[in-house]
Amino acid sequence: MGTNFESCFHLCQLTQPLLKAFGYGSIVLISGLKAFPLCSTYATTKGALNQFTKMELAKDNIRANTVAPGPIKTLLLEYLIKSTAEVHKMVVAMESQMTVGRLGEPKDISTPIAFLCLPAACDASYITS
């Protein structure tokens, strides 16, 4: 809970006055949409982020968005796949359900996140939550 939700909560609390004083800003959080076996606590923290992003920052010209990309092949996930047969089996099952037939790579979500971070005068100005 501390890593996935509380850290984002406190970061937003600290940055809101600074972004407001600057005149605009963008906050982008990373979340998820689906709970998997053995991951209910993790999914709960990500669900909390989904709701938290709906906070009322737009009145201060601060856009807040949550990106929920699905499973991404991170170093942590690679470690878990190698260390636990059950996780490996679960990841293989997830890959078979993915539209593109594979887990996402960090580079797959970096461009959309960068787009959301563009100044409000750019094309992302109306996208929030």
Next on the checklist: of a type in the set (Val, Ile, Thr), at pLDDT 90 or above, under 19 Å from the mean Cα position of the chain (by Cα) and within 17 Å of residue 65 (Cβ to Cβ): is that true of residue 127 in this structure?
Outcome noted: no
Item to check | Pairs with Cβ under 6 Å, 6+ apart, first in region 44-63 and more than 21 Å from residue 32 (Cα to Cα), second at pLDDT below 80 and surrounded by 15 or more Cβ atoms within 10 Å (Cβ to Cβ) | outcome: 58/128
Item to check | Which numbered condition residue 15 misses (of (1) surrounded by 12 or more Cβ atoms within 10 Å (Cβ to Cβ); (2) more than 13 Å from the chain's Cα centre (by Cα); (3) at pLDDT below 85) | outcome: (3)
Item to check | Hey, residue 129 in contact (Cβ under 8 Å) with a residue 12 or more places away in the chain, open to solvent by 40 Å² or more (accessible area, probe 1.4 Å), in a loop (DSSP other than H, G, I, E, B) and over 23 Å from residue 3 (Cβ atoms) or not | outcome: no
Checklist entry - Taking into account only those residues within region 92-120 that are within 19 Å of the chain's Cα centre (by Cα) and of a type in the set (Val, Ile, Thr), which is nearest to residue 29 (Cα to Cα)? => result 113
Next on the checklist: Restricting to region 75-120, give me the number of residues that are in contact (Cβ under 8 Å) with a residue 40 or more places away in the chain and open to solvent by 50 Å² or more (accessible area, probe 1.4 Å).
Outcome noted: 5
Item to check | Complete set of residues in region 36-74 that are open to solvent by 30 Å² or more (accessible area, probe 1.4 Å), of a type in the set (S, T, N, Q) and farther than 18 Å from residue 110 by Cα | outcome: 40, 41, 44, 50, 51, 61
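The values are calculated or read from the model by the stated rules, or taken from the named source; none is laboratory data. Given the structure is predicted, the values throughout are model-derived calculations rather than measurements. A quick note on method: Cβ atoms are made from the backbone with ideal geometry, for glycine too, and the neighbour counts reach across all protein chains shown. Only protein heavy atoms, including side chains, enter the accessible area calculation; ligands, DNA and RNA are left aside. Shrake-Rupley method; radii C 1.70, N 1.55, O 1.52, S 1.80 Å.
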